[in-house]
1. Check every one of the helices (runs of 4 or more DSSP H) wholly within region 1-74 and list those with 2 or more residues that are surrounded by fewer than 21 Cβ atoms within 10 Å (Cβ to Cβ) and within 18 Å of the chain's Cα centre (by Cα).
2. Among the charged types (D, E, K, R), touching a strand residue (DSSP E or B) at 6+ places or on another chain (Cβ under 8 Å) and at negative phi: is that true of D166 in this structure?
3. Identify all residues within region 263-291 that are surrounded by fewer than 18 Cβ atoms within 10 Å (Cβ to Cβ) and within 30 Å of I219 (Cβ to Cβ); write none if there are none.
4. Taking only region 276-327 into account, find how many residues are part of a loop (DSSP other than H, G, I, E, B) and more than 20 Å from N77 (Cα to Cα).
5. State whether the residues of region 131-138 include one that is on the phi > 0 side of the Ramachandran plot, outside any helix (DSSP H, G or I), touching a Cys at 6+ places or on another chain (Cβ under 8 Å) and at pLDDT 95 or above.
6. List every residue pair whose Cβ atoms sit under 9 Å apart, with the two residues 6 or more apart in sequence or on different chains, where the first one lies in region 48-70 and is over 21 Å from W303 (Cα atoms) and in contact (Cβ under 8 Å) with a residue 60 or more places away in the chain and the second, anywhere, is surrounded by fewer than 19 Cβ atoms within 10 Å (Cβ to Cβ) and among the aromatic types (F, W, Y).
7. The conditions are (1) buried (at least 22 other Cβ atoms within 10 Å of the Cβ); (2) touching a His at 6+ places or on another chain (Cβ under 9 Å); (3) not in a helix (DSSP H, G or I), and L112 fails exactly one of them. Which is it?
8. Just to be sure before I move on: is I189 among the β-branched types (V, I, T) and buried (at least 22 other Cβ atoms within 10 Å of the Cβ) in the structure I sent?
Amino acid sequence: MNEPSYIKLLHSGELRKRADIAYSILNSCNCCPHNCKVDRINNEPGKCVSGGLPVVSSYTPHFGEEPVLTGTHGAGNIFFGNCNLKCVYCQNYEISQNYKTEINNQISFERLANIMLELQDMKCHNIGLVSPTHFSAHILKSICMAAERGLRLPIIYNTNGYDSVDTLKLYEDVVDIFLPDFKYGDNAIARQYSKIDNYFDKAKEAIKEMYRHVGDELIYDGNVVVRGLIIRHLVLPNNLSESENVFRFIAEELSPNVHISLMSQYNPVHYAERDMLINRKLRISEYERAIALMEKYGLKNGWIQDMESSDSYNPEFNRDRINPFGN
């Protein structure tokens, strides 16, 4: 079994040191590019409306990730509540934009560590931190606790891409697999649909930092990836994801060998029906255009989805927190 990178940091004492540094950030929070500077330890809310303890809305073996991450036993996904973005079409809106309810799912650092160990006991191939950004300063503390108690699975950082470079540096050789969304290639569109002013600029900085950590090669243990970078890009109707700008950046400023997960699964949920530009599913021609753009920039590694995927990846957290995807 491949040993995750954080084990060396655990033995050297560096993992505990990083966890302590991360926790201190919460006194004047700048764990993401919002730089709210609020005192989250004393539960002063910022943009993410989250306090001093992590909010875990669900955790489960998950089989809906890329095949190289789910393997035969699933990815051990931990779904964090709330978010530092406010995407009007978020498929996880039941937990990402419902902070008054999700506060009831606030847990201790010790409990989060135990969840990681439970997922390991379920034979999951990895620990998938889903929407971790606004709890990135909290999670390191729990990873350290879990590692001290025997956690030996690689960590996946499954993020919306709006991450702080300084915080990501604390995760160097803690996270072995980066799985960022690269949502938009245009700041103005991101402002309209995710309520964020500088997404494209900050996502480029963050993903470049992730690339610095792990490069463009995927490392496998059997048929399952244990280290590397996979960039997800959800194609939106009417080219609102500005895919060409995204692909150009990846090819020219990272590497054409980076693996791309090109997603056709857009579904007009949450507030999407209020906007005529996004109140429908993707057309085949729109997805084919995105594939052609990948080819234009020499991006040949990765995965594409069937058009039917828009019916297959819609969780129901309000119905079932244990199995929201109906595995």
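1. Because the criterion is at least 2 residues that are surrounded by fewer than 21 Cβ atoms within 10 Å (Cβ to Cβ) and within 18 Å of the chain's Cα centre (by Cα), the helices (runs of 4 or more DSSP H) in region 1-74 that meet it are 67-70.
2. no
3. Hit for region 263-291 is I291, nothing else.
4. 15
5. yes
6. C48/Y99; S50/Y99; V55/Y99; T60/F325
7. (3)
8. Numbers: among the β-branched types (V, I, T): yes; buried (at least 22 other Cβ atoms within 10 Å of the Cβ): no.
So I189 fails the test.
The values are calculated or read from the model by the stated rules, or taken from the named source; none is laboratory data. Not measured: the values here are computed from a predicted model. As a convention, Cβ positions derive from the backbone with ideal geometry for all residues, glycine included, and neighbour counts pool all protein chains shown.
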